[in-house]
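The values are calculated or read from the model by the stated rules, or taken from the named source; none is laboratory data. All figures in this text were calculated on a predicted structure; none of them were measured in a lab. Virtual Cβ from ideal backbone geometry, glycine too; neighbours counted across all protein chains shown. When the accessible area is computed, the model is the full protein with side chains, heavy atoms only, and any ligands, DNA or RNA have been set aside. Shrake-Rupley method; radii C 1.70, N 1.55, O 1.52, S 1.80 Å.
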Amino acid sequence: MKKFVIGVDGGNTKTDYLLYDTEGNFIDGIRSGTCSHEVPSVGGFDGAYNIMKLRIEELLSHNHLSMDDISAGVFGLAGVDAPFQKKALEEVVKKIGFKKFVVVNDGFLGIKAASKTGTGVCSINGTGTVNVGIDEEGNWMQIGGIGYVAGDEGGGAYLARAAVRTAFDECFRFGPQSLITKDVFKMYGIDDKKDFSNAIVSKKIDSTFLIKSLFNRANQKDLPSIKILQDSGENMGKSIAGVIAEINIKEPIQIILAGSVWAKATNNEMLKKFKEVVITLTKKRCDFIVLNESPVMGAILWALE
């Protein structure tokens with residue numbers, strides 16, 4: 001009787017669900033909104049269960065299958081940053097009906113998707129940031145994913161906030177002039193700094209617009225925009241170097257760069273600083289690989305293993 005595997009990549013913005021047969025053939029896939037228990041609108045672990053159960057049932061019913069037809073599942077989920085979170089989400093997956101499965105932070109999927117050896121490290125730079133690694137002995141390490149205290153100064157949410165902060169500093173705190181201020185005003189729909197505070201409190205940040213603006217302004221040699229990108233690259237570099245220092249990965253180390261910000265960057269200041277910091281701190285040979293494919297393929301490969 002034919003069997004199947006399911007791979008799930010659940011980020012803070014979107015979730016990919018893929019269905020393959022155990023011979024490695026694509027069957028079906030669904031992309032939907034976030035299932036992260038950390039996003040308020042999801043509703044915690046119960047909400048994550050409801051969303052994932054609904055989408056997986058949809059995937060199965062489209063193909064006239066049931067959970068009895070599933071051999072294994074791999075779930076790479078944002079918010080698997082502490083043991084209690086991992087345990088709670090493992091209970092969620094078990095409740096959905098999986099018997100053989102793995103639940104990990106979504107960062108680990110990038111390693112499985114792109115590393116030539118199945119080992120290495122992955123820097124996620126999407127809505128948020130996290131840094132993870134797997135060595136040849138099967139040791140895992142994760143740094144970040146829990147906020148400012150862990151140096152999570154990367155990802156689209158951080159970059160957008162930094163752009164607004166730069167504009168605010170220019171307007172009110174003797175900060176340097178920056179071209180990004182014009183873009184922040186445009187995003188908020190204002191043309192006078194007297195309306196700035198009201199806009200910050202009452203309007204949502206358009207992160208996609210501001211990230212594109214940062215790269216564009218950096219290409220125009222705007223120094224404050226360049227500094228934001230360099231600072232972000234430095235902090236992510238320190239975290240990845242920290243991961244490498246904690247486990248035993250053979251050289252050359254596969255460093256996978258995954259997430260929409262890494263994949264869609266149109267200026268190299270952030271990446272250049274990231275590479276410089278990693279090589280300086282680790283003193284190891286490294287191969288840097290930007291993952292342009294969806295990391296959910298790492299979940300499928302892992303499930304097939």
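Table for the structure above
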{"read-out": "Relative intensity, log₁₀ I(q)/I(0), of the stretch 242-305 from a Debye sum that treats every alpha carbon as a point, q = 0.16 Å⁻¹", "value": "-0.66"}
{"read-out": "Mean separation of Cα contacts under 8 Å (6+ apart) over length of the chain, as relative contact order %", "value": "21"}
{"read-out": "Accessible area of the stretch 156-305 divided out per residue, in Å², using a probe of 1.4 angstrom", "value": "52"}
{"read-out": "Calculated diffusion of the stretch 40-147, Stokes-Einstein form, Kirkwood radius summed over Cα pairs, 25 °C and 0.890 mPa s, µm²/s", "value": "163"}
{"read-out": "Accessible area of the stretch 1-65 divided out per residue, in Å², using a probe of 1.4 angstrom", "value": "49"}
{"read-out": "Relative contact order computed over the stretch 139-287 (Cα-Cα under 8 Å; 6+ residues apart), in percent", "value": "27"}
{"read-out": "Label of the coordinate-derived value, Cα extents along the principal axes in Å, listed as [x] 50, 43, 37; [y] 69, 45, 32; [z] 46, 44, 33", "value": "[y]"}
{"read-out": "Difference of contour (0.36 nm per residue) and Cα-Cα distance, Thr117 to Trp140", "value": "6.8 nm"}
{"read-out": "Estimated [θ] at 222 nm from DSSP helical runs (n ≥ 4, -39500 (n - 2.57)) normalised by residues in the chain, nearest 500", "value": "-14500 deg cm²/dmol"}
{"read-out": "Summed side-chain charge close to Gly189 - residues other than Gly189 whose Cβ falls under 15 Å, Lys, Arg +1, Asp, Glu -1", "value": "+1"}
{"read-out": "Mean Kyte hydropathy of -1.0 or more with a Cα span along the axis of at least 15 Å, helices from DSSP in the chain", "value": "44-62, 83-96, 156-172, 207-219, 223-246, 269-282"}
{"read-out": "Fraction of accessible area attributable to carbon and sulfur, the chain (%, probe 1.4 Å)", "value": "52"}
{"read-out": "Relative contact order (%) - criterion: Cα under 8 Å, at least six apart; region: the stretch 101-146", "value": "28"}
